[in-house]
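Written below as structure tokens is the structure these notes are about.
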Amino acid sequence: MKIKKDIIRVFLVNFLSLVIGIVNGFLIPKFLNIEDYTIFKTFTLYASYLGIYPLGFLDGMYIKYGGKKINEINIKILKFEHIFLNMFLIVETFLMFFLSIILKNKMLMLLSLSILPFCINGSFRVLFQSFGEFKLYSFIRYFEMLYILMSNIFLIFVLKNYSGYVFSLNYVISYFLLYIILEILFIKKYGITGFTVDKSEIKYNFRVGFFILLGNLSNTLFYSLDRWFVKFLLAIENFAYYSFAISMMGIINLMISSIAMTFYPYLARGYTENLVREIKKYLLIIGSFASFGYFILGFIVRVFLEKYIPSLNVISILFAGFPAIGVINALYINLYKVNKQERKYFWTVLFMVIISFVLNLIAVIVNKSNQSIALATTIGFYVWFFWSSKDFKGLETNKKEIMFLSLYLPLFLVSTLYLDLVKGTIVFGIGVSVLVFAFYKKEFVELAKKILRK
């Protein structure tokens, strides 16, 4: 099946991304001091909200083109949409850059320069994922990863510049380089003339994408709310440690996202209850084994990055959320979009943001620390996991899932919080294998065959 090839293709891309992510994830904090690392991670935190600038236009395109082949759409209208989006973002970029000059704010200036390339690159990702063009998606990922890796090595070992602003600027440059390459490829293939002006299509994209935008914005806030609490309520060192933990979490999450992003175009073409039920079980298995990454990262941190050892207590709690995160990202969010449930998606995510805010607020009141905030965040993942299971037939929570997670969570937390790395690695490795084989042996064997089969 083509979906298997696409999953493997994106999985390989993300495996390379994992390797490069580990190098970058450990190189930057090793050479930057706490203050400069905080500046850099503040930039990446703010940049995660740049997707709001198209005001839902991209999300509307994602919904409209999802599941269609490139030969099934009107290229002339697509070209007009692309030109319109460029002009729209250029105006926003100019306004934000002008504001950054008035305020003399370097961070705002970097972010304003990122708007156009970041969002246009995002538009290409949206189109490639919607059309199921994962070869082109892979090209984007390869370029981004290799540029960031080589340029970071150049900054660290050749220029020996360890400024947080310089590393942030390097990301802006990467956005622009990829933007130029993709624009050249687009123009070379489709040209810049011969487009059809259709204002109704523009209105459609904004109208349909608006609630998806709000949902995605709420989703971004849900996944970053903990960092806002840490940034504004705890010391600068706490933000650095917490941001490092999130970076490590992102490295492992890449492997799960390699599955998630391939599902949308296939789900958009039709799915059955049995299919999504099977996928959910696969994701629970993958998420459970993904948590083992804590022990690998733990050894690396203790050997090469002793100053970030305090972040391990955060990582040990956040990594417990991977089974829930995998299902949320790969199934729930995709199915809300596939089923055109834009409003339900928005209200669901907004409710989760409120839940997460309350949990984080309670956490800082009870114990103002990174660990309490991480625990509140992980609880939030599982609240969402159980809450949205009722929205889709075939994904309802059952006793088997509850029993599996009820045994998995204490196993992981005890192995990471109360045992040393060696004992924890052995106990969790054996324990999670026994759990998976006891509850999902059939699904594990099927998943292994599908991954290994060409």
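How far apart, in nanometres, would the label points at Lys30 and Tyr418 be if each is projected 7 angstrom from Cα along the Cα-to-Cβ direction?
In this crude spin-label approximation the distance works out to 3.5 nm.
Please list 150-161, 429-440, 326-337 highest first by mean number of surrounding beta-carbon atoms within 10 Å per residue.
Top of the packing list down: 326-337, 429-440, 150-161.
For the range 372-450, which trypsin sites (Lys or Arg not before Pro) are in a loop by DSSP, counting at most 13 other Cβ atoms within 10 Å?
Here the trypsin sites (Lys or Arg not before Pro) that fit, given the DSSP loop and packing criteria, are Lys393.
Please compute the per residue accessible area over the range 49-116 with all protein chains in place, 1.4 Å probe, rounded to a whole number of Å².
Spelled out: the 1.4 Å probe surface of the range 49-116, per residue, equals 47 Å².
What percentage of the solvent-accessible surface of the chain, computed with a 1.4 Å probe over protein heavy atoms, is contributed by carbon and sulfur atoms?
Ligands and nucleic acids excluded, carbon and sulfur give 70 percent.
Quick one: length gained pulling Val166 to Lys390 fully straight, 0.36 nm per residue minus the C-alpha distance?
76.0 nm
Which whole DSSP H helices in the chain pass both tests: a Cα extent of 20 Å or more along the axis and a mean Kyte-Doolittle value no lower than 1.6?
Going by DSSP H runs, the hits are 75-103, 342-366.
Glu201 accessible area, nearest 10 Å², 1.4 Å probe?
My reading of the accessible area for Glu201 is about 50 Å².
Could the peptides 364-373, 34-43 be put in order, highest first, of the mean number of other beta-carbon atoms found within 10 Å of their residues?
In decreasing order of mean packing, 364-373, 34-43 become 34-43, 364-373.
Can you compute the charge dipole magnitude of the chain about its Cα centre, using +1 on each Lys and Arg Cβ and -1 on each Asp and Glu Cβ, nothing else charged? Give it in debye, rounded to the nearest 20.
It works out to roughly 1140 debye.
Could you do me a favour and compute the accessible area per residue for the range 274-410, 1.4 Å probe, result in Å²?
Per-residue value: 39 Å².
The values are calculated or read from the model by the stated rules, or taken from the named source; none is laboratory data. Small disclaimer: the values here were computed from a predicted structure and weren't measured. No Cβ is skipped: glycine too gets one built from the backbone with ideal geometry, and neighbour counts run over all protein chains shown. For accessibility, only protein heavy atoms count, side chains too; no ligands or nucleic acids. Shrake-Rupley method; radii C 1.70, N 1.55, O 1.52, S 1.80 Å.
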